[in-house]
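The structure appears below as structure tokens.
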Amino acid sequence: MKKTLLITVFFLGLLYWANNHYFKPSMEPIPFSTGINLHDFSDASKLEIWNHANDEQFLLTKVDNRWIVQKKNVNFVIPPEKVSKLLQTLGQLESDSIVSARQADWQRYGVDTETAIEVSISKNGALLDAFMLGFPEAQKYLRIPKSNEVFLLKSFDLESADFSFLSFRNTRLLDFNPAETDKVAYFGLDTIIAERDSMGWDSTALGNIDRLLLKLSRATSRYFVDNFDETKEDFVIQKLLLSTSGNQEVTLFAYKDTLGQFPLTLHSSTNPEQWFNGDSIPEVRSFFKKIQRGNNKNKTTQIE
């Protein structure tokens, strides 16, 4: 009888221990790391981001202290502070509860291979961390690949962690101050130059220049022309040169494809990494369409 009682007490104790260690959610913050740099990704050299829901996959790679984002055959340099902010946000992930340990619940929490955002962080080829992130119904969940547990994240700054390829593109066409611009020169099939003095602009050939400059300074677009080859010889090229009192020059090129293979394509000196679909910026498109002289679409103007 005594032996039976001892066995019963032993199994009750074992059950209590198992319940607290395996079934009861931990109330302590749980860090996520498979590498040696726990919560510190400042020296990472590569991020792989895969949005499974949109089947969008791209890389962020550090090369010679520059961060380059690449998606298929499109790549460009991005500001390092944008990547640093993302790495800092990911390095602060923590949780105080496990909401599920069943694979059947992955889809419910958005951490399955059909809907999750998968992030891998590496340094010189060595994996530091990997996460499967899910954001259903404003909640934020995390699963570590090859693990069943789903964690509810305590806090996550989504504003600092936009995982779309578009979020890394600079959508601003031009970066300049209209108030400091005192000369506008247009080069195309004609050349038109307007200068500003204390009395205002000395030419109206370009229309209302103050309004034009304001529209140009605010122009943005989320539509791009990737892999654009400006060396082709079948473009009518127009150029707008803006000069400031501080001797700053800002250049905007407009390429009109006479064969109809591309939309009006815009490229500026202040955002050289991007080529914009000019048809998506109506106020700029209408200016170049209105100002262009002549109808000889086979004529190409060479701009130095």
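Bear in mind these aren't lab numbers, they're just calculated from the coordinates by the rules spelled out. Quick caveat, the model's predicted, so the values are computed rather than measured. We place every Cβ from the backbone using ideal geometry, glycine too, and count neighbours over all the protein chains shown.
Show the residues, 5+ positions off or on another chain, whose built amide H is closer than 5 Å to the amide H of Val225.
Residues meeting the criterion, in which the H sits 1.01 Å from N, are Trp275, Phe276, Asn277.
Would you mind counting up the charge near Gln70? Only other residues with Cβ under 13 Å from its Cβ, with Lys and Arg at +1 and Asp and Glu at -1.
+2
Using a 7 Å offset from Cα along Cα-Cβ at Ala179, what residues in the range 237-251 end up with backbone N under 16 Å from the label point?
244-246
Test of understanding: ordering Leu259, Leu189 by Cβ neighbours within 10 Å, fewest first, what list do you get?
Leu259, Leu189
Quick one: what are the phi-derived ³J(HN,Hα) couplings along the range 126-143, Karplus 6.51/-1.76/1.60 with θ = phi - 60°, whole Hz, x for glycine and proline?
After applying 6.51 cos²θ - 1.76 cosθ + 1.60, I find 9, 5, 8, 7, 8, 9, 10, 10, x, 10, x, 6, 6, 8, 10, 10, 9, 9 Hz.
Using the Karplus equation 6.51 cos²θ - 1.76 cosθ + 1.60 (θ = phi - 60°), what ³J(HN,Hα) coupling, rounded to whole Hz, does each residue of the range 256-266 give in order, writing x for Gly and Pro?
9, 7, 6, 8, x, 8, 10, x, 4, 10, 10
Please give the contour-minus-distance gain from Thr191 to Arg102: 0.36 nm per residue of separation, less the Cα-Cα distance, rounded to one decimal in nm. Write out the running numbers ahead of the final one.
Values: separation 89, 0.36 × 89 = 32.04 nm, distance 6.97 nm.
The span from Thr191 to Arg102 would gain 25.1 nm if fully extended.
Counting other beta carbons within 10 Å of each Cβ, put Ser198, Ser280, Ser155 in order, fewest first.
Ranked by crowding around the Cβ, least crowded first: Ser198, Ser155, Ser280.
Please work out how much length the chain gains when fully extended from Asp55 to Leu259, using 0.36 nm per residue of separation minus the C-alpha to C-alpha distance, in nm with one decimal.
Values: separation 204, 0.36 × 204 = 73.44 nm, distance 3.26 nm.
Additional length available on full extension: 70.2 nm.
Using 1/(1 + (r/R0)^6) with R0 = 41 angstrom and r between the beta carbons of Ser245 and Asn73, what's the FRET efficiency to the nearest 0.05?
0.50
Would you grab the residues whose amide H sits under 5 Å from the one on Glu94? Only those 5+ places off in sequence or on another chain, please, with H modelled 1.01 Å from N.
Lys154, Ser155
Given R₀ = 22 Å, FRET efficiency for Lys146-Glu94 by Cβ-Cβ distance, to 0.05?
Computed FRET efficiency for Lys146 and Glu94: 0.60.
By counting other Cβ atoms within 10 Å of each Cβ, how are Ser97, Ser268 ranked from fewest to most?
Ser97, Ser268
Pull out a ≥ b ≥ c, the square roots of the eigenvalues of the alpha-carbon gyration tensor of the range 115-176, then state rounded if a/c is under 1.5, prolate if not and a/b is larger than b/c, and oblate in the remaining case. All intermediate terms of the calculation are to be shown ahead of the outcome.
Values: a/c = 2.86, a/b = 1.51, b/c = 1.89.
The shape class here is oblate.
Under 5 Å between amide hydrogens, which residues at least 5 positions from Lys123 or on another chain qualify, with H placed 1.01 Å from N in the peptide plane?
Long-range HN contacts for Lys123: Ser45, Leu128.
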